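The values are calculated or read from the model by the stated rules, or taken from the named source; none is laboratory data. Quick caveat, the model's predicted, so the values are computed rather than measured. Using ideal geometry, Cβ is built from the backbone for each residue, glycine included, and neighbour counts are taken over all protein chains shown. Side chains are part of the model used for accessible areas, which takes the heavy atoms of the whole protein and leaves out ligands, DNA and RNA. Shrake-Rupley method; radii C 1.70, N 1.55, O 1.52, S 1.80 Å.
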Amino acid sequence: MECFIELWSARDAWKQLSHKERALYLEQLEPHIQVLLEKGVEIIGWGVNDVATTHRANFNFYAVWKFPTLDMKKEFEAVVMEANWYNYFHQENVSGELTTPGEIIEKLIVM
C-alpha cells in the first residue's frame, strides 16, 4: 500500500484564470479521479492547511491518497503531469510505502 501526500498553493497562472476557466479545468480532472477510485485508490482527505499549525508547511492546501500499488501511484502522477497541474500550482509531494510506527522507529534508531 502506497501513501501519497500533496501540498500545494496556487501560482499566478491559476489566479489569472476566470472562475469559469478554473471550473472547466478542474471538471476535466474528475473522470480521471473517478477511474482511479474505481481501481481501489482511496482519498483519505483533502483540506486547507490551518494557519495555526505548529511548524506549518508553507502551502495552502493538502491531499492525502492511498494507492493499492506502486503502479497505480505512478499512474496518478502521470495524470497530474499530463493535466499540466504544476503550471497552475506550486506543489511538493511526499510518498512511500505505508509501514508501521515500529518499523519507522527502528529505521530512526539504526540510521
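Assign one of three labels to the range 7-46, namely rounded, prolate or oblate, based on the Cα gyration tensor with a ≥ b ≥ c the square roots of its eigenvalues; rounded applies when a/c is under 1.5, prolate when it is not and a/b is larger than b/c, and oblate otherwise. All intermediate terms of the calculation are to be shown ahead of the outcome.
Working: a/c = 3.90, a/b = 1.80, b/c = 2.16.
Oblate is the answer for the range 7-46, as a/c is 1.5 or above yet b/c matches or exceeds a/b.
Does the range 45-98 come out rounded, prolate or oblate, given a ≥ b ≥ c as the square roots of the eigenvalues of its C-alpha gyration tensor, rounded meaning a/c under 1.5 and, failing that, prolate meaning a/b above b/c?
Numbers: a/c = 2.67, a/b = 1.43, b/c = 1.87.
Verdict is oblate for the range 45-98.
Along the charge dipole of the range 1-84, pointing to its positive end and built from +1/-1 on Cβ of Lys, Arg, Asp and Glu, which listed residue (A10, M81, I33) has its Cα farthest out?
Going by the charge dipole, the pick is A10.
Within the range 52-84, report the trypsin sites (Lys or Arg not before Pro) that DSSP leaves as loop and that have at most 14 other Cβ atoms within 10 Å. Please list the in-between numbers first.
Details: sites: R56, K66, K73, K74; in loops: R56.
Those that pass, being in a loop and sparsely packed, are R56.
Please compute, for the alpha-carbon atoms of the chain, the extent along each of the three principal axes and give them in descending order in Å.
On the principal axes, the chain reaches 51, 36, 19 Å in Cα extent.
Using the per-residue mean of other Cβ atoms lying within 10 Å as a proxy for protection, in what order, highest first, do the peptides 11-17, 44-50 fall?
Details: 11-17: 11.9, 44-50: 10.1.
My ranking of the peptides, most packed first, is 11-17, 44-50.
Calculate, in nm to one decimal, what T100 and I44 gain on full extension: separation in residues at 0.36 nm each, minus their alpha carbon distance. Don't jump to the answer; show the numbers that get you there.
Working: separation 56, 0.36 × 56 = 20.16 nm, distance 1.73 nm.
Extra length available between T100 and I44 comes to 18.4 nm.
Assuming a ≥ b ≥ c are the square roots of the Cα gyration tensor eigenvalues, decide whether the range 24-65 counts as rounded (a/c under 1.5), prolate (otherwise, with a/b larger than b/c) or oblate.
Details: a/c = 4.52, a/b = 1.94, b/c = 2.33.
Here the range 24-65 falls in the oblate category.
When all protein chains stay in place, what accessible area (Å², nearest 10, 1.4 Å probe) is found for H32?
Around 90 Å² of this residue is reachable by solvent.
Using Cα positions and a limit of under 16 Å, work out the lysines in reach of K66, with same-chain residues fewer than 8 apart set aside.
The reachable lysines, counting only those whose Cα sits under 16 Å from K66, are K39, K74.
Could you give the nm distance between label points at N58 and V110, where each point is 7 Å from its Cα heading toward the beta carbon?
Label at N58, label at V110, 3.7 nm between them.
Positive end of the dipole of the range 48-111, charges at C-beta (+1 Lys, Arg; -1 Asp, Glu), about the Cα centre: which of L108, A63, T53 has its Cα farthest in that direction?
The listed residue farthest towards the positive side: T53.
What is the dipole size for the range 44-94, taken about its Cα centre, with +1 at each Lys and Arg Cβ and -1 at each Asp and Glu Cβ, in debye to the nearest 20?
Working: 4 positive and 6 negative charges, 31 e Å.
Result for the range 44-94 is approximately 140 debye, rounded to the nearest 20.
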